[in-house]
Amino acid sequence: MSDRVLQNFINGEYVEAKSDAAFAVIDPATERAYATSPVSGAADVDAAFAAAAAAFEAWRDATPAERQLALFRIADRMEERAEEFADLESQDTGKPRATLVADEIMLSVDQIRFFAGAARILEGRATAEYMKDHTSSIRREPIGVVGQVTPWNYPLNMAVWKFAPAIAAGNTTVLKPSDTTPQSTLLLAEIAAEFLPPGVLNVITGDRTTGARMIEHPTPQMVSITGSIRAGMEVARAAASDLKRVHLELGGKAPVIVFDDADIEKAVEGIVAAGYFNAGQDCTAATRLLVHEAIHDEFVAALTAYVEANVTTGDPRDEGTFYGPVNNANQLERVMGMLGRLPAHAEVRTGGFRKDAPGYYIAPTVVTGLGQDDEAIQTEIFGPVITVQRFSSEAQALEWANGVEYGLSSSVWTRDHGRASRFAKRLDFGCVWINTHIPLVAEMPHGGFKHSGYGKDLSMYGFEDYTRIKHVMSYIGE
């Protein structure tokens with residue numbers, strides 16, 4: 001066990017947790033503990049929300065220019081310390097270290113800068129008269145204190161998606177990272193404290209019980225989580241007890257529809273990158289393929305050959321590693337359990353096993369022959385497993401694509417513009433990519449339908465989620 005002991009960050013400084021409970025933080029690449037982290041209890045949650053509530057009284061009145069400047073300075077400092085962030089993120093998550101700065105750290109920096117800019121353009125509708133002798137206007141105001149919970153697949157990036165729009169809009173926040181990936185979020189809070197008043201951004205560590213205490217706490221006016229459908233439903237039920245606003249970004253099961261006119265080589269290359277990136281631990285991952293029967297066999301052969309020749313899993317410190325281990329022992333058990341329960345009519349074309357070495361490594365896997373009702377089609381696997389179904393018509397492809405409880409993202413691969421447009425209209429998902437899969441930009445919203453949750457991250461739509469609307473009417477008659 002490492003001697004390193006993590007602490008909460010409350011009211012602008014690291015503080016020792018009041019709770020005696022703690023957990024080990026495990027390196028998924030080695031299965032060895034390298035730190036201990038507190039399981040924040042009721043007193044810790046109270047302290048964090050008290051700090052946020054006190055800070056809100058002044059931060060709500062900060063000008064948009066002041067909020068913008070603070071965010072720009074946080075982004076600049078993150079960029080200066082990008083290598084340090086990458087080291088922590090790789091150790092916590094198992095992500096390949098060589099690509100982290102470009103793929104994720106600088107992406108987070110860019111997203112903070114987007115919300116810094118957005119802080120200056122948030123406004124209500126024009127003032128006007130809708131009743132004789134009365135003038136009406138709309139104010140957009142911060143909601144207040146926000147409680148936020150982030151997942152382990154993108155710890156830093158998801159923390160940015162949460163805290164940046166919240167404080168840009170004038171809110172204050174208490175943020176809890178996943179128990180398996182706390183380090184980068186704590187460093188973010190430390191850096192932010194250089195430029196924010198104490199209490200504007202507070203970070204506490206803990207497990208599911210800590211998150212539940214945050215959701216049930218009377219102080220926050222809004223709670224926002226990224227997590228599983230189960231977690232989202234629990235949060236929605238708990239928040240309903242005192243009518244907190246709820247922002248949920250939950251799981252996904254993205255259909256990737258490949259038609260017979262698609263460029264097979266380009267489709268395979270793009271889908272592999274979007275399916276195995278981050279070991280498939282992405283709510284938008286391209287892991288549920290529907291391929292037209294005319295090219296199904298050719299496509300599966302090309303996909304399998306490409307995976308075997310180009311996709312490797314191994315030590316995150318090795319530059320040739322395509323993806324590292326899955327993040328934790330529970331996730332390893334989940335993925336391997338689903339592979340172990342594959343029905344007899346399924347065929348594993350490659351992979352399907354755990355690597356015989358320390359670490360939570362699962363070989364890149366391709367599975368064919370599954371039916372629409374099979375578990376691996378209906379349930380998010382969240383691992384390096386791509387499934388391929390054979391379809392015969394547009395109607396069948398659309399029915400199967402929409403025939404899951406999730407509604408986060410999707411993609412269509414075709415040269416036919418009309419077909420692509422029809423599917424963009426009919427696919428019941430918050431994002432539809434055409435001849436690509438997984439790129440995100442800060443200017444466009446990310447968020448789903450159905451059991452994938454509600455509310456948007458990124459974009460001005462996501463920013464507005466952290467505001468409330470007030471009507472102000474003045475009598476102007478003599």
With just the Cα atoms defining each centre, how far is the stretch 398-448 from the stretch 1-25? Give it in Å. 42
Using alpha-carbon positions, the gyration tensor of the stretch 398-439 gives root eigenvalues a ≥ b ≥ c; with a/c under 1.5 called rounded, otherwise prolate if a/b exceeds b/c, else oblate, the class is oblate
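Quick check on the exposure proxy: order Met106, Met222, Met131, Met214 from fewest to most C-beta atoms within 10 angstrom. Don't skip to the end; give the middle numbers.
Numbers: Met106 17, Met222 23, Met131 9, Met214 26.
Taking fewest neighbouring Cβ atoms as first place, the list is Met131, Met106, Met222, Met214.
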Expressed as an acute angle from 0 to 90° and rounded to the nearest 10, what is the orientation of the C-alpha long axis of helix 417-426 relative to the principal long axis of the chain? 60
So what is the calculated 222 nm ellipticity per residue for the chain, using -39500 (n - 2.57) for each DSSP H run with n of 4 or more, over all residues, to the nearest 500 deg cm²/dmol? -11500 deg cm²/dmol
Please list, or write none, the lysines whose alpha carbon is within less than 30 Å of the alpha carbon of Lys162, excluding same-chain residues fewer than 8 places away. Lys18, Lys95, Lys176, Lys244, Lys253, Lys425, Lys450, Lys456, Lys470
Antiparallel DSSP beta bridges within the chain, as percent of all bridges there, nearest 5: 40
What three numbers, in Å, describe the spread of the alpha carbons of the chain along their principal axes, ordered from the longest? 77, 65, 41
Taking a ≥ b ≥ c as the square roots of the Cα gyration tensor eigenvalues, with a/c under 1.5 meaning rounded and otherwise prolate when a/b beats b/c, else oblate, which class fits the stretch 267-403? prolate
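Tell me, what is the percent relative contact order of the stretch 152-279, built from C-alpha pairs under 8 Å that lie six or more residues apart? Don't jump to the answer; show the numbers that get you there.
Values: 115 pairs, mean separation 24.0, N = 128.
Relative contact order here is 19 percent.
In what order do Glu83, Glu190 fall by count of nearby beta-carbon atoms within 10 Å, going from fewest to most?
Working: Glu83 11, Glu190 17.
Starting with the residue having the fewest Cβ neighbours, the order is Glu83, Glu190.
Looking at the stretch 369-417, which GluC sites (Glu not before Pro) are DSSP coil and have at most 16 other C-beta atoms within 10 Å of their C-beta? Please list the in-between numbers first.
Values: sites: Glu375, Glu380, Glu394, Glu399, Glu405; in loops: Glu380, Glu405.
When the GluC sites (Glu not before Pro) of the stretch 369-417 are filtered for loop state and at most 16 Cβ neighbours within 10 Å, Glu405 remain.
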Size of the stretch 15-94 along its principal axes in angstrom, Cα-based, largest extent first? 47, 34, 15
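Per residue, what volume in Å³ does the Cα convex hull of the stretch 79-232 take up?
147
Counting only DSSP beta bridges with both residues in the stretch 342-478, what percent are antiparallel, rounded to the nearest 5?
Numbers: 5 of 13 bridges.
Close to 40 percent.
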Could you give log10 I(q)/I(0) at q = 0.14, 0.17, 0.20, 0.23 Å⁻¹ for the stretch 367-464, computed by the Debye formula over C-alpha point scatterers of equal weight, without solvent? -0.60, -0.88, -1.17, -1.40
Ranking Thr99, Thr321, Thr93 by Cβ neighbours within 10 Å, fewest first, what do you get? Thr99, Thr321, Thr93
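Under a Cβ-only charge scheme (Lys and Arg +1, Asp and Glu -1), can you give me the dipole magnitude of the chain about the Cα centre, in debye to the nearest 20? Before the final figure, lay out each step's value.
On the way: 43 positive and 64 negative charges, 223 e Å.
Using Cβ point charges on Lys, Arg, Asp and Glu, the chain gives about 1080 debye.
Every number in this text was worked out from the coordinates using simple rules, so none of it is lab data. Keep in mind that this is a model prediction, so the values were computed, not measured. Positions of Cβ are generated from backbone atoms using ideal geometry, with glycine treated the same way; all protein chains shown enter the neighbour counts.
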